[in-house]
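To start, the structure under review is shown below, and the notes come after it.
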Amino acid sequence: MRKEQVTDTSDMQTLFVADKKLGELEALFGCEVSDDDDFYDVLAFNLTRLEPRYFLGKLATYSGPRLRGAVFGLGRSTDRGPEQRAALAALLNHADPLIVGEAIDALRHSEHLDLWPEVGTFIGHEAAPLRGAVARFARRALLPDEALLVLTGLLTDSDALVRQNAIDELADLGNRRAIDAIRRFLKDPDEDVRLAAASAINTLSSQP
């Protein structure tokens, strides 16, 4: 399970798509690939780079990992107008929690942060990746004190991935008041959570 679908797009212009034209990328996006989480993301990112409105009106034609990739691409589009916002917001009603989580991340990347009232309703959802997406959105969408409250609440989540997300977002929030809440996770049963806690405390301790 990925912590987030993709956080850094600096390597999305990979060798296998570097010289591909729009039609070639479309053909690759139509291929069936089941063992590579990033395959459709990379292709969708590059399709959107060539044609920012490429995925508008097409989302209903995809499903599963291909739909997740399309949502990822749409979220990285430079065209962040009303149509893009509406297309992503509509996916908050999708039946697949992974698609909803991807849509939340895409809305965050697109700076449609006014949708917090809708996104915040998923904070107690049974799907851990969806709760993690809410944590990431909250840090960007809320005022610092409100974000601190939401993220410290998520530290008690039963899923290690969500705890790690909350810790990472608290580190990025930059509020030293979070240190005491994070400190006990240095002894978390999950190694990644322990490492995240140590890194967050180090980051926050350096804040003025």
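Read the figures in this text as sums done on the coordinates, not as results from a lab. The shown structure was predicted, so the numbers you read here are calculated from the model rather than taken from an experiment. A quick note on method: Cβ atoms are made from the backbone with ideal geometry, for glycine too, and the neighbour counts reach across all protein chains shown.
Some values worked out for this structure:
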quantity	calculated
Sorted peptide list for 101-108, 142-149, 19-26, criterion being average Cβ within 10 angstrom, highest first	101-108, 142-149, 19-26
Pairwise FRET efficiency - Leu22 versus Leu56, Cβ, R0 = 22 Å, nearest 0.05	0.90
Calculated FRET value between Asn93 and Gln207, using beta carbons and R₀ = 35 Å, to 0.05	0.35
³J(HN,Hα) computed for each position of region 198-204 - Karplus, 6.51 cos²θ - 1.76 cosθ + 1.60, integer Hz, glycine/proline x	4, 5, 5, 4, 4, 5, 5
Sites Asp36 and Lys187, calculated FRET efficiency, Cβ-Cβ separation with R0 41 Å, nearest 0.05	0.70
The chain - mean residue ellipticity at 222 nm from DSSP helices (-39,500 (n - 2.57) per run, n ≥ 4, rounded to 500)	-17000 deg cm²/dmol
Calculated SAXS-style log₁₀ I(q)/I(0) at q = 0.21 Å⁻¹ - region 142-208, Debye, Cα scatterers	-0.74
Part-to-part distance (alpha-carbon centres) for region 37-51 and region 101-147, which is given in Å	23 Å
Alpha carbon convex hull of the chain, projected area averaged over orientations, nm²	12.1 nm²
Lysine pairs in the chain with Cα atoms under 28 Å, if 8 or more residues apart or on separate chains	4
